[in-house]
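The values are calculated or read from the model by the stated rules, or taken from the named source; none is laboratory data. Every value quoted in this text rests on a predicted model; they were computed, and no experiment measured them. Glycine also receives a Cβ, built like all others from the backbone with ideal geometry; neighbour counts cover every protein chain displayed. Surface accessibility is based on the protein's heavy atoms, side chains included, excluding ligands, DNA and RNA. Shrake-Rupley method; radii C 1.70, N 1.55, O 1.52, S 1.80 Å.
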Amino acid sequence: MAKTGLVLEGGGVRGMYSAGVLDVFMEHGVSFDGMIGVSAGAIHGCSYLSGQKGRSIRYYRKYLTDWRFMSLRSWITTGDIVGADFCYHELPDKLDVYDHDAFLRCGVPYYAVCTNVETGKPEYLRITDMRAQIDVLRASASLPYFSRIVEVAGGKYLDGGCADSIPVEAFQRMGYERNVVVLTRDASYRKSPEMGRLPKLVYRKYPAFVKALQERHTMYNSQVALIEKLEAEGRIFVIRPQAPLEIGRLEKDVAKVQAVYDAGRADAEKAMASLKAWRLQEN
């Protein structure tokens, strides 16, 4: 039987759309043989694997306006617009405790995409212990320009979306022949080129990473074209926003975040019957 994977696109706060989809998956008992997430997709995939329905929207509602969670103040004072200590230690360890035991029991292979700034290439790092490997998750979601480079096992990493925004092909190569893909952009979206000379100014020590940033729009748009082809062939099942999400990548309006989460829930519910029928085709 072909293995079925779940692929989660990133997108900053737009990732709350995916959080809504994942909560509906939990309610319907939808599971997968493996998962791969990019940036915010990697973040929200964690709560899905630990079975903590509602956790993502809960802590966003409570802490989104806290400067330690995400803010220019955090960026200026720490170098990270998303507070590293608060979001990756205090929050999951004390304030809204992550269920590490449930994650371990789950046993689903879980990968976070990170971009190696020295090579400019994506790396697909498997997380088997969320506590011990929390910096893999942080690296995957560390936005260029707004985050410090994260070092993991001797490698230097930033946001996985810089080199592989929607890792469908990568997951297929890893043995997941059929995939459910959750996107955070509507079908009409195409990415524009990176901002002028900024990549070279900020990352001049890492020319391969500069090249990845400069070519990111081409990579992304070719991935969208591939997804359209695979979807038409029935090889993947896609859930995406029906219209552009009216939300900023670093949105601070809790009501807008809730609306994006609710949109994800609504689209997942609408797609559920078709998804279950598609899953039956595996057999």
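Looking across the stretch 236-251, the residues that are among the charged types (D, E, K, R) and modelled with pLDDT under 95 come down to Glu246, Arg249, Glu251. All conditions but one from (1) in contact with a Cys (Cβ under 9 Å, 6 or more places away or on another chain); (2) of a type in the set (Lys, Arg); (3) at pLDDT below 95 apply to Arg216; the one that does not is (3). Scan the stretch 223-239 and give yes if some residue there is under 24 Å from Thr119 (Cβ atoms) and open to solvent by 40 Å² or more (accessible area, probe 1.4 Å), otherwise no. So far as the stretch 223-239 goes, yes, one or more of its residues are under 24 Å from Thr119 (Cβ atoms) and open to solvent by 40 Å² or more (accessible area, probe 1.4 Å).
Go through the residues of the stretch 117-124 one by one and say whether even a single one is over 17 Å from Gly160 (Cβ atoms), hydrophobic (A, V, I, L, M, F, W, C) and under 20 Å from the mean Cα position of the chain (by Cα). No, there is no match, as no residue in the stretch 117-124 is over 17 Å from Gly160 (Cβ atoms), hydrophobic (A, V, I, L, M, F, W, C) and under 20 Å from the mean Cα position of the chain (by Cα). If the condition is being within 21 Å of Lys205 (Cβ to Cβ) and either at pLDDT below 95 or not basic (Lys, Arg) (or both), then the stretch 103-134 contributes Cys114, Thr115, Asn116, Val117, Glu118, Thr119, Gly120, Pro122, Glu123. In the stretch 106-142, of all residues being more than 13 Å from Ile43 (Cα to Cα) and hydrophobic (A, V, I, L, M, F, W, C), the one that is most open to solvent (accessible area, probe 1.4 Å) corresponds to Ala132. The number of residues in the stretch 207-222 being assigned to a helix (DSSP H, G or I) and open to solvent by 80 Å² or more (accessible area, probe 1.4 Å) comes to 3.
Return yes or no: is Ala263 under 20 Å from the mean Cα position of the chain (by Cα) and surrounded by 19 or more Cβ atoms within 10 Å (Cβ to Cβ)? Criteria met by Ala263. Among all residues of the stretch 197-208, there is none that is of a type in the set (Lys, Arg) and in contact (Cβ under 8 Å) with a residue 24 or more places away in the chain.
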